[in-house]
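Report on the structure given below.
Nothing in this text is a laboratory measurement; each read-out follows from the coordinates by a stated rule. Quick caveat, the model's predicted, so the values are computed rather than measured. Heads up, the Cβs are rebuilt from the backbone with ideal geometry, glycines too, and the neighbour counts pull from every protein chain shown.
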Number of protein chains: 2
Amino acid sequence: MRRPGIKEVAEESGVSIKTVSRVVNGEASVHPDTRGRVLAAIERLGYVPNTAARSLKSGTAGGIGVVIDSLADPFFASLVSAIEARALVEGLSVLVATTGLDPERERSQLLNLIAGHQVAGVIFAPVADELPYLEPYRALTPVVAVDRPSPAHDSVVVDDYGATQLALRQLASFGHRRIAFYDQDERFLTVRRRFHGYCDLHEEFGMKLDPALVAWTVDGSLDYAAETQRLLGMDDPPTAFFASNTKAAIGLATSLHRIGRGDTAFIAFGDFSLADVLRPGVSCVDQDPFLIGNAAIERLLELRENPTTEPREWIVPTSLVQRGSGEIPAPIPITMEGILL
Amino acid sequence: MRRPGIKEVAEESGVSIKTVSRVVNGEASVHPDTRGRVLAAIERLGYVPNTAARSLKSGTAGGIGVVIDSLADPFFASLVSAIEARALVEGLSVLVATTGLDPERERSQLLNLIAGHQVAGVIFAPVADELPYLEPYRALTPVVAVDRPSPAHDSVVVDDYGATQLALRQLASFGHRRIAFYDQDERFLTVRRRFHGYCDLHEEFGMKLDPALVAWTVDGSLDYAAETQRLLGMDDPPTAFFASNTKAAIGLATSLHRIGRGDTAFIAFGDFSLADVLRPGVSCVDQDPFLIGNAAIERLLELRENPTTEPREWIVPTSLVQRGSGEIPAPIPITMEGILL
DNA sequence: CACGCACATGACAACGCTGTCAGGGGGCAC
DNA sequence: GTGCCCCCTGACAGCGTTGTCATGTGCGTG
């Protein structure tokens, strides 16, 4: 009761295993009659080529690896979805692995895929800043970073700095001068870049940068509800919020609505489902995971053809989606005497 | 510039390849000193065992296949996430493939994984009702169905019929007698079971089953907004909605809120992010993807140990999450004379 | 001291497939 | 008729690993 191998097919159709191999791989020089007989035998036996033997022989497997933080994150789920769709067309399988943001786990997952599975390529969201252990495989396995840049590899990212400034500029144009930066997480270069955009924008508008307006993630966690309370409870509270990532956006939206402050000016970095159902709808910088995923796998396929190119960053465009929450003007400031300034 | 193989390690440490193999696989009878020398060489060379050769030799790979409708669906994304987490602990890789609900694609994906990659097991959300082509592999590769049952395999599902009735019974207890069934999709056994529960409940409460209250998905699509308009525009409109799946729930919630009817009684089958942020919060039957994913992989691991057991259905519990929308009473019916009945 | 046994190690084949090379047969040109 | 080439086919090795079996060494026992 063994699975039929190329040998069984050869016997069944009365040719040598090599000819079967030729038919399976669609090589030209096989007589049509022979091809027909072999195909019939394959059909009859339900033969499926053994991937392991193939990749052992060829030294590289017909799969690509995808290494991300977590599949429970909708952004990454959609990203992988886009990659998988394109990979299917190319006849490539997809191996997913997650890091949980642990650099050591990132290392073992990457090595397992590249050196162990000998995948045809890897798309990954970098955790560690440097990945020296990938050096030996540089010439053999194409690697593309997504979402976050990796200095030694091609990266597909959005213009974090610029998009953040675009969003904040809009808030500023609606009169906001105290804008909270929700969820500054030092671990991510992306977020650091967004924060950088936030800081620089203050200069541009001559606004004072108040550290108290920044919600920090420490040790990987931030209590969204408590932080929202703290910010709104300040003597001089922010009049608008900027959420630096999707998770923070959902946390912020939830806590604002819970306490009946859903009408607070608010722009999120990253779209999320139902953002348009809330009242008001949540305006956001739309960072399309499908666009990013597609760009990444296109880039990977290209690298497979031509591995000699220098690493560079590929910027995927973002757009500012206006849904209402980002167009709420700042309250008119009132002096102690109650007179408008 | 080849990747080091077991041979290079053997040479480097001055032992035979077999001994290296023993060390790598943690076999007992290796002298501590030898083990140390080999481990040092492995470290020095950065040796990683070749998965292809391993699975070629052993006839089965160290990975499990997961075949689902789509990764862009948050339910399946979380499901895969749970599976991947558990697989990592077991040292198994995860190969994801999607069907897009196409039975032919399901077939090729399953065969590719089982026969081609020779995965150690498969977890899949069945599309076709029968999968005769898996018969030859029955004894070799354990297979577990999730979300939807598959007659020939172990299945991990929720009690669709019972959970639906529980939800509808609550709506009925709040006085609703005309309840719309939103998104009846014949393609899914799960949805059929939920619809069955819906129909039977009408009998139990002596309610008339009105076909006009059922929104049908035809050819895989349903215009949620238009359907909501149609239902609410009826002469005798439904006073409550039941959404039979998450996608429908989001579509329904969105269209209800868009037209200012967010206060309509509504229970969804399947939770979704932000369901608790809407006003009122969307009550739902919570079908925990992590619970289901965990149950599925546990079952798969168990089947690997003991493949002889008879296929059966494993029911994962659901809970009814009260958030407001399911506790809205039916409007009090008024006679022509304006007198309460 | 001889024997047996446990322990540590190695030689070799085989897993299923493809790349290399060789060979048989038929047609065409000289 | 002879030589050549092209088309089609097959024999065989080897990819990196592990299972089987064999070998060598040292120690305890009678």
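In this label model, B:Glu186 and B:Tyr133 are separated by 2.4 nm, measuring between points 7 Å along each Cα→Cβ vector. What is the diffusion coefficient of the protein assembly as shown in µm²/s, taking the Kirkwood radius over Cα pairs and the Stokes-Einstein relation at 20 °C with a viscosity of 1.002 mPa s? Calculated translational D: 76 µm²/s. All other residues whose Cβ lies under 11 angstrom from that of B:Ala265 are scored, Lys and Arg at +1 and Asp and Glu at -1, for a net of 0. With a cut-off of 11 Å between beta carbons, the residues surrounding A:Ser283 carry a summed charge of -3, where Lys and Arg count +1 and Asp and Glu -1. Sorted from nearest, the other copies put their B:Thr34 label points 4.8 nm away, the label point being 7 Å from Cα in the direction of Cβ.
The trypsin sites (Lys or Arg not before Pro) found in the range B:188-269 that occupy coil by DSSP, while having at most 14 further C-beta atoms within 10 Å, are B:Lys208, B:Arg261.
Which of B:Pro289, B:Pro142, B:Pro280 moves most in a GNM of chain B, Cα contacts under 10 Å? Among B:Pro289, B:Pro142, B:Pro280, the largest mean-square fluctuation in the Gaussian network model of chain B belongs to B:Pro280.
Inter-copy label distances for B:Trp216: 6.1 nm (label point placed 7 Å from Cα along Cα→Cβ; shortest first).
Would you mind telling me which residue in A:Ala61, A:Ala52, A:Ala248 has the biggest mean-square fluctuation in a Gaussian network model of chain A, where springs connect alpha carbons within a distance under 10 angstrom? Answer for the Gaussian network model of chain A: A:Ala52. Restricting attention to the range B:146-235, which GluC sites (Glu not before Pro) occupy a DSSP loop and are surrounded by at most 16 other Cβ atoms within 10 Å? Within the range B:146-235, the qualifying GluC sites (Glu not before Pro) (loop, at most 16 other Cβ atoms within 10 Å) are B:Glu186.
At an R0 of 25 angstrom, the distance between the Cβ atoms of B:Lys7 and B:Asp33 translates into a FRET efficiency of 0.75. Mean per-residue shielding of peptide B:105-116 is 3, counting Cβ atoms of other chains within 10 Å of each Cβ.
Peptide B:47-59 has a mean of 6 when you count, residue by residue, the C-beta atoms of other protein chains within 10 Å of its C-beta. Comment: the Cα-to-Cβ extended label point of A:His196, at 7 Å, lies 5.9 nm from its counterparts in the other copies, nearest first. For the range B:1-30, which trypsin sites (Lys or Arg not before Pro) are in a loop by DSSP, counting at most 15 other Cβ atoms within 10 Å? Listed in order of number, the matching sites are B:Arg2. Counted over chain B, the DSSP beta bridges are approximately 10% antiparallel.
Alpha carbon centre of the range B:69-105 versus the range B:131-180: separation in Å? Result: 18 Å between the Cα centres.
What number comes out for the charge environment of A:Lys57, summing +1 per Lys or Arg and -1 per Asp or Glu over other residues with Cβ under 14 Å away? After counting each charged neighbour, the total is +3. Charge dipole (Cα centre; +1 on Lys/Arg Cβ, -1 on Asp/Glu Cβ; no other charges) of the protein assembly as shown amounts to roughly 1700 debye. Taking a ≥ b ≥ c as the square roots of the eigenvalues of the Cα gyration tensor, the range B:69-116 is oblate, since a/c reaches 1.5 or more and a/b is not larger than b/c. With a Förster radius of 51 Å applied to the C-beta separation of B:Ile259 and B:Ser58, the computed FRET efficiency comes to 0.25. Counting Cβ atoms of other protein chains within 10 Å of each Cβ in A:229-240 and taking the mean gives 0.
Compared with the direct C-alpha span, the chain from A:Cys199 to A:Asp102 gains 32.1 nm at full extension, assuming 0.36 nm per residue. Normalised by the number of residues in the range A:9-49, the average gap of Cα pairs under 8 Å and 6 or more apart makes the relative contact order 45 percent.
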